[in-house]
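Written below as structure tokens is the structure these notes are about.
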Amino acid sequence: MRLGSPHYFYRLDSGVTLPERPLDSAYRANLWRPGDGGLMPPGVHGRVFAAWWAMHTLHLFSNRDYSLSVVYRGTDLVHRSGVYPGFARFPFMEPGDLQIGNTWTAPEARGRGIARAAIARIVTQHARPGRRFWYLCETDNAPSIAVIERMGFQRVGEGAKRPRLGLLALGAYVITTEPVTQAGSGSP
């Protein structure tokens, strides 16, 4: 995500059941959680993931459901989606909510339903009464928008990351507008 760029905010409320989306047999999926061994699952690298692992370890998230959904073809990582409880960056989230983000699919694996299967698995495995799932994406990310809308998430607004203490890096995502609804449709 580009800092300060406009984002759409999507939400899936509790009680919505998503159909299981099986992966082709060439792929294997796993939901990695801290404590499963190592700082990160195989193939996932980067300081940002280490920072989130540290936030989980230090109990800075609003709940203990931080995890990463990973999909492999053989030993190659072809998809990852982070599952993040609320913290200061997401003030609109309730304590039990989760945000699905930092989603990536390898270019050669795109268009095969892998992201949809991963999101369905996340929602199924993390479902709890009253829990809401959030998804943010840049307003110009058409593939991401198409996937999340096909999954039944509803656009609840638009906004951006706003600076805190004059620093965008310390900022929070703020919903600044409600979705535009068509007359009589009740949906964005």
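Assorted remarks:
- Residues being out of contact with any Ser or Thr (no Cβ under 7 Å at 6 or more places or on another chain) and assigned to a loop (DSSP other than H, G, I, E, B) are entirely absent from the range 129-138.
- Residues satisfying the stated conditions in the range 91-108, i.e. touching a residue at least 60 places away in the same chain (Cβ under 8 Å) and over 15 Å from the mean Cα position of the chain (by Cα): P91
- Selection within the range 125-139: residues that are charged (D, E, K, R) and more than 12 Å from the chain's Cα centre (by Cα). The member of this set that is surrounded by the most Cβ atoms within 10 Å (Cβ to Cβ) is R131.
- Consider the range 78-92 and keep the residues that are in contact with a helix residue (DSSP H, G or I) (Cβ under 6 Å, 6 or more places away or on another chain) and hydrophobic (A, V, I, L, M, F, W, C). The one that is nearest to W32 (Cα to Cα) is V83.
- Filtered residue count, the range 24-55, keeping only those that are at pLDDT 80 or above and either among the β-branched types (V, I, T) or touching a strand residue (DSSP E or B) at 6+ places or on another chain (Cβ under 6 Å) (or both): 8
- The residues on offer are A51, A26, and the sole one that is within 25 Å of Y173 (Cβ to Cβ) and exposed (fewer than 14 other Cβ atoms within 10 Å of the Cβ) is A51.
- Enumeration of residues in the range 10-31 that are more than 16 Å from the chain's Cα centre (by Cα), of a type in the set (D, E, K, R) and in a strand (DSSP E or B): R28
- Residue that is farthest from W134 (Cα to Cα) [pool: residues in the range 151-165 that are of a type in the set (A, V, I, L, M, F, W, C) and assigned to a strand (DSSP E or B)]: A160
- When A88, A54 are checked against the criterion of being touching a residue at least 60 places away in the same chain (Cβ under 8 Å) and either farther than 26 Å from V147 by Cβ or touching a Ser or Thr at 6+ places or on another chain (Cβ under 7 Å) (or both), A88 stands alone in meeting it.
The values are calculated or read from the model by the stated rules, or taken from the named source; none is laboratory data. Source: prediction; values computed, not measured. Cβ atoms come from the backbone with ideal geometry, glycine included; neighbour counts cover every protein chain shown.
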